[in-house]
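Trainee: One structure, pasted below without further comment.
The values are calculated or read from the model by the stated rules, or taken from the named source; none is laboratory data. Here the structure is a predicted model, which is why all the values come from computation and not from measurement. Glycine also receives a Cβ, built like all others from the backbone with ideal geometry; neighbour counts cover every protein chain displayed. SASA here: full protein model, heavy atoms, side chains in, ligands and nucleic acids out. Shrake-Rupley method; radii C 1.70, N 1.55, O 1.52, S 1.80 Å.
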Amino acid sequence: MLDWNDIRIFLAVAREGSTLAASGKLNINQTTVGRRMHALETALGLTLFERNTRGYALTAQGSALFDVAAGMENAVDQVLTRASHLRRASVGTIRVTAAHSSMTHWVLPLISEFRKHNPNTHFETNASEQYVSLESGEADIAIRAADNIEGDTLIVRRLPHVRWGIYCSKAYLAANGMPRSIDDLRDHPVLSYPEAMVKGVKLLNWLDQHVDRSKIVSTVDSVITMSASLRTEVAVGVLPCVEGDPLPDLVMCFTTDDLTSGLWLVASREAYQEPRVRKFMKFLGEYFPRDGRAATF
């Protein structure tokens, strides 16, 4: 009988091109990888790889089996994802992910209010700027800031737009004045977000066209880092108003209709089959602040 672990190792060697790289990917000993590949070829009566000084290359027989093996991998992933959903359903747990700012200002207050009426529902929250895959079961629900959400396997609901503004510290204002319009921005040093983020978010791309790039003093990786940096750096930067307005050390310079971004409530189709997930998503949609400000009850 075939061992799934051998199939998993076969796929890793095929993708990585060597037993050494596959062992690093799988976090197992290289000798074990080589031994298991020999055992798999013996069990199947096939030669799956050509071995040479450059590594491992699939033979015609190995190539013919690769897609079937990859299908097995997908099936195993689906089993594990479904099992994870069933475990959480049995104890009434919902896993929610959002960026730190969204988690602080919206998700956590809404969870607290929801639990007042649903005390048997438990939550696991993940505040992270990193992408979390809903399709693979890493979370049930996500709050995502984006211009658009793509994915045929996702259930998506648009939330109110998020207003952003240009901010500076009170110390910066006292020493340098502040920009009062988009045209004034070229005369001030600025803090920016990473290039990938700027290109992927419409408002940041629009803003980037109105700054003097020679005056970018630093690049920050998140909204939280931006808010902290604005309090210490001699520069201005853009923040969601829900993040910037409550900070006593910061002042909003200006905002415009162009400084808005989309916000989405997202779940995988698998998670959406669970009544508790649908109920919480309905609650979020109904009670999410219409003005994009922090949730209060």
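Trainee: For semi-axes √(5λ) of the Cα gyration tensor in Å, several values are listed as (1) 46, 28, 15; (2) 39, 22, 20; (3) 35, 24, 16; flag the one computed from this structure.
Mentor: (1)
Trainee: At a 1.4 Å probe, what is the % contribution of carbon and sulfur to the accessible area of segment 161-260?
Mentor: Values: 2360 of 4790 Å².
Here it works out to 49 percent.
Trainee: Consider a paramagnetic label point 7 Å from the Cα of ASN120 along Cα→Cβ; state which residues of segment 257-275 have an amide N under 14 Å from it.
Mentor: Answer for segment 257-275: 275.
Trainee: Place the peptides 215-221, 13-19 in order of packing, highest mean first, counting for every residue the other Cβ atoms within 10 Å and averaging per peptide. Walk me through the numbers on the way to the answer.
Mentor: Numbers: 215-221: 14.7, 13-19: 19.3.
Final packing ranking: 13-19, 215-221.
Trainee: In nm, what is the difference between 0.36 nm times the number of residues separating LEU173 and PHE297 and their Cα-Cα distance?
Mentor: On the way: separation 124, 0.36 × 124 = 44.64 nm, distance 3.38 nm.
In short, 41.3 nm is gained.
Trainee: Which of the GluC sites (Glu not before Pro) found in segment 202-278 are loop residues per DSSP with 13 or fewer other Cβ atoms within 10 Å of their Cβ? Provide the component values of the computation, followed by the final result.
Mentor: Working: sites: GLU233, GLU243, GLU270; in loops: GLU233.
Hits after loop and neighbour filter: nothing returned.
Trainee: Still on this structure, I have one more. In percent, what relative contact order does segment 161-260 have, based on Cα pairs under 8 Å that are 6 or more apart in sequence?
Mentor: Values: 160 pairs, mean separation 49.7, N = 100.
The normalised contact order for segment 161-260 reaches 50 percent.
Trainee: Still on this structure, I have one more. Along Cα→Cβ, 7 Å out, is where each label goes; now give me the distance between the ones at ALA60 and LEU20 in nm to one decimal.
Mentor: Distance between label points: 3.1 nm.
Trainee: On the first, second and third principal axes, largest extent first, how far apart are the outermost C-alpha atoms of segment 1-140 in Å?
Mentor: 62, 31, 24
Trainee: Could you please report the charge total around VAL220, scoring K, R as +1 and D, E as -1 over all other residues with beta-carbon less than 13 angstrom from its beta-carbon? Write down the numbers at each step before the final one.
Mentor: Working: positive: ARG231; negative: GLU129, GLU195, ASP221, GLU233, GLU243.
Once positives and negatives cancel, what remains is -4.
Trainee: DSSP beta bridges in the chain, what fraction antiparallel, as a percent rounded to 5? Could the numbers behind the result be given before it?
Mentor: Working: 25 of 38 bridges.
Restricted to the chain, the bridges split so that about 65 percent are antiparallel.
Trainee: Accessible area of segment 4-87 with a 1.4 Å probe: how many percent of it is carbon plus sulfur? Walk me through the numbers before you get to the answer.
Mentor: Details: 2650 of 4920 Å².
Looking at segment 4-87 in its full context, I get 54 percent from C and S.
Trainee: Still on this model: Can you tell me the equivalent ellipsoid semi-axes for segment 161-260? Use √(5λ) from the Cα gyration tensor, largest first, whole Å.
Mentor: Each semi-axis is √(5λ); the values are 18, 15, 13 Å.
Trainee: Could you provide, to the nearest whole Å², the per residue accessible area of the chain with probe 1.4 Å? Write out the running numbers ahead of the final one.
Mentor: Values: 15590 Å² over 297 residues.
Per-residue accessible area for the chain comes out at 53 Å².
Trainee: Grab the other residues whose beta carbon is less than 13 angstrom from that of ARG15, score K and R as +1, D and E as -1, and report the net. Write out the running numbers ahead of the final one.
Mentor: On the way: positive: ARG8, LYS25; negative: GLU16, ASP67, GLU73.
Result for the local shell: -1.
Trainee: Give me the percent relative contact order of the chain, please, defined on Cα pairs under 8 angstrom at least 6 residues apart. Numbers along the way, then the final one.
Mentor: Working: 439 pairs, mean separation 63.9, N = 297.
In percent, rounded to a whole number, it is 22.
Trainee: I'd like the per residue volume of the convex hull spanned by the Cα atoms of segment 4-87, given in cubic angstrom. Don't jump to the answer; show the numbers that get you there.
Mentor: Working: hull volume 7.9 nm³, N = 84.
That works out to 94 Å³ per residue.
Trainee: Another question about this same structure. Of the chymotrypsin sites (Phe, Trp or Tyr not before Pro) in segment 158-249, which ones lie in a loop per DSSP and count no more than 10 other C-beta atoms within 10 Å? Before the final figure, lay out the partial values.
Mentor: On the way: sites: TRP164, TYR167, TYR172, TRP206; in loops: none.
Answer by residue number: there is no such site.
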